[in-house]
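Read the structure below first, then the notes.
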Amino acid sequence: MNRSDFEQYLTDLLKPEQIKDYCPNGLQIQGAESINKVVTGVTASQALIDRAIALKADALLVHHGYFWKNESYVIKGMKYQRIKALLDNNINLFAYHLPLDIHPKLGNNAQLGTLLGIESNEPLELGNPLSVGVKGVFSQPLTANELSTRIENKLNRTPLHLPSSTNQVIKTVAWCTGGGQDYIELAAEQGIDAFISGEVSEKTAHIATELNIHFFAAGHHATERYGAKALGEHLATELGLNVEFVDIDNPA
């Protein structure tokens, strides 16, 4: 498939122009004009690039790419080695950050919700259909221990649980994958029983305690494995490309 056609398909699918982001979305490093083999993954680390090279990929498609806001413009050291490896092997780098978080079917939030058995997927930010944080319900209420066990079983990661002192069961839930812990206050304001994210901040413990809401942190990487994987499977089905998801595990 032609590189420009591939990027246009991703643009039409993920609509990056709809949301303000902290990095450029789309083609970040230009490589081969013709794309047949695609490797997908969470972060464009050296380990993932090395796997893409070994698999003879024409394109690497990730959630976390390069050129973040406030990042140094200088290309040296680790950044140089990564970019040089891509250029030397003629591999295109495509990255989609928030557009991949919020896609209603393929996005990280949608995929995590499905994995955990959460029904419905509504904006947590009222009046904002592109809300990064989302909310839903469990068909059957869960205890905090039951939800913690479900997260551990599905993500293969023991979550940090900050308990509520008053909510005995969890029916309503809000979530935001990755570093979305600051949405906890918005969830608590709406009377939601629990909030799930990837990361936790020092202040999150105080907020959870004072606002009486269960909080679960299950890991930035662990909660964001599934968007890139689902996107790759979609591209393989719809475009007939050879797509392989490579999970470079990360304990964070």
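The values are calculated or read from the model by the stated rules, or taken from the named source; none is laboratory data. The structure displayed is predicted, hence computed values, not measured ones. Here the Cβ positions follow ideal geometry from the backbone for every residue, glycine too, while neighbour counts run over all protein chains shown. For the accessible areas, the whole protein counts, side chains as well, though only heavy atoms, and no ligand, DNA or RNA atoms are used. Shrake-Rupley method; radii C 1.70, N 1.55, O 1.52, S 1.80 Å.
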Filter the trypsin sites (Lys or Arg not before Pro) in the range 51-92 down to the DSSP loop ones having no more than 15 other Cβ atoms within 10 Å, then list what survives. K56, K69, K76
Alpha carbon centre of the range 148-214 versus the range 1-42: separation in Å? 33 Å
Once you've got the GNM for the chain with C-alpha springs shorter than 10 Å, pick whichever of V38, V74, V169 has the biggest mean-square fluctuation. V74
Computed over the range 113-173, the Cα gyration tensor eigenvalues, each multiplied by 5 and square-rooted, give semi-axes in Å (largest first) of 21, 14, 11
Mean accessible area per residue over the chain (1.4 angstrom probe, all protein chains present, square angstrom) is 47 Å²
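Compute the longest continuous run of the chain that contains no exposed GluC sites (Glu not before Pro); treat a site as exposed when its DSSP state is not H, G, I, E or B and it has at most 16 other Cβ atoms within 10 Å. Before the final figure, lay out each step's value.
Details: sites that count: E33, E71, E125.
Longest stretch, sites excluded: 126-252.
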If the reach is capped at under 18 angstrom between alpha carbons, list the lysines near K154, excluding any in the same chain fewer than eight residues apart. K229
For the chain, percent of DSSP beta bridges that are antiparallel (nearest 5) comes out at 45 percent
Listed here are the pairs K37/K76; K56/K135; K76/K203; K37/K79; K20/K76; K76/K135; which of them are more than 32 Å apart at the Cα? K56/K135; K76/K203; K76/K135
At a probe size of 1.4 Å, how large is the accessible area of L86, to the nearest 10 Å²? 0 Å²
Taking the convex hull of Cα positions in the range 1-77, its mean projected area over all directions (nm²): 5.8 nm²
Mean projection of the alpha-carbon convex hull of the range 32-85 over all orientations, in nm²? 4.1 nm²
The long-range amide H neighbours of I29, using H built 1.01 Å from N in the peptide plane and a cut-off of under 5 Å, are L93
